[in-house]
Amino acid sequence: MIAMTFSFIRIGVVIIILLLNLLVSCKKSLPEEIDMLPAIRVRILNGCGHHNAASEYSRYLTQYNVDVIGIGNADKFIYDKSIIVVKRDDQQDLERLKSYTGIERSVYAISERTTESFHIILGNDYRTYME
């Protein structure tokens, strides 16, 4: 009887450990220091023409330390690949934004007249960055 009780306890412990490992591996977490940094201010522009792409991607970014200050359309719907447009030269925030989004392509168009640091122009590939 005692041996059977110990077997059940061992099985229970193994199940708990497996569940904890599963929860930890499934949870998408950010390093603690990221939460202490100011939010990155971005404007999201639909450059592919897919209906509601900018608002859909904006909702996706809410899980990160990103402040989406506006969404809209790019001048033309010609973008096949998504790109980050750097409006304020801040290399640390650019690297953070790249790590949040997975978008590696970037161009510089520095402007002191903008309130946001970056524009994200969504291309036809934007859904791949939401996985």
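The values are calculated or read from the model by the stated rules, or taken from the named source; none is laboratory data. Because the structure is predicted, anything quoted here is derived from the model rather than measured. Neighbour counts run over all protein chains shown; Cβ positions are idealised from the backbone, glycine included.
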Of all residues in the stretch 60-96, which are closer than 14 Å to Tyr108 by Cα and not charged (D, E, K, R)?
-> Ile83, Ile84, Val85, Val86, Gln91, Leu94
For the stretch 8-42, which residues satisfy the criterion of being over 30 Å from Asp80 (Cα atoms) and at pLDDT 70 or above?
-> Ile9, Arg10, Ile11, Ile15, Ile16, Ile17, Met36, Leu37, Pro38
Those residues of the stretch 84-100 which are touching a strand residue (DSSP E or B) at 6+ places or on another chain (Cβ under 8 Å) and in a helix (DSSP H, G or I) amount to Asp93, Leu94, Arg96, Leu97, Lys98, Tyr100
Any residue in the stretch 110-123 that is modelled with pLDDT of 95 or more and among the basic types (Lys, Arg)?
-> no
When only residues in the stretch 57-88 that are farther than 16 Å from Glu116 by Cβ and among the aromatic types (Phe, Trp, Tyr) count, which is nearest to the chain's Cα centre (by Cα)?
-> Tyr60
Take Lys81 and decide whether it is within 25 Å of Arg127 (Cα to Cα) and at pLDDT 95 or above.
-> yes
Residues that are under 25 Å from Pro38 (Cβ atoms) and either in contact with a Pro (Cβ under 8 Å, 6 or more places away or on another chain) or among the polar types (S, T, N, Q) (or both), drawn from the stretch 48-84 = Ser55, Ser58, Thr62, Gln63, Asn65, Ser82
Answer with yes or no whether Val107 is more than 15 Å from Asn46 (Cβ to Cβ), assigned to a strand (DSSP E or B) and not acidic (Asp, Glu).
-> yes
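Of the residues Ile83, Ile121, Ile103, only one is surrounded by 15 or more Cβ atoms within 10 Å (Cβ to Cβ) and in contact with a Leu (Cβ under 7 Å, 6 or more places away or on another chain); which? Step through it out loud before you land on a result.
On the way: Ile83 fails: in contact with a Leu (Cβ under 7 Å, 6 or more places away or on another chain); Ile103 fails: in contact with a Leu (Cβ under 7 Å, 6 or more places away or on another chain).
Selected residue: Ile121, the only one of Ile83, Ile121, Ile103 that is surrounded by 15 or more Cβ atoms within 10 Å (Cβ to Cβ) and in contact with a Leu (Cβ under 7 Å, 6 or more places away or on another chain).
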Single unsatisfied condition, Leu45 versus (1) of a type in the set (A, V, I, L, M, F, W, C); (2) modelled with pLDDT under 95; (3) in a strand (DSSP E or B) = (2)
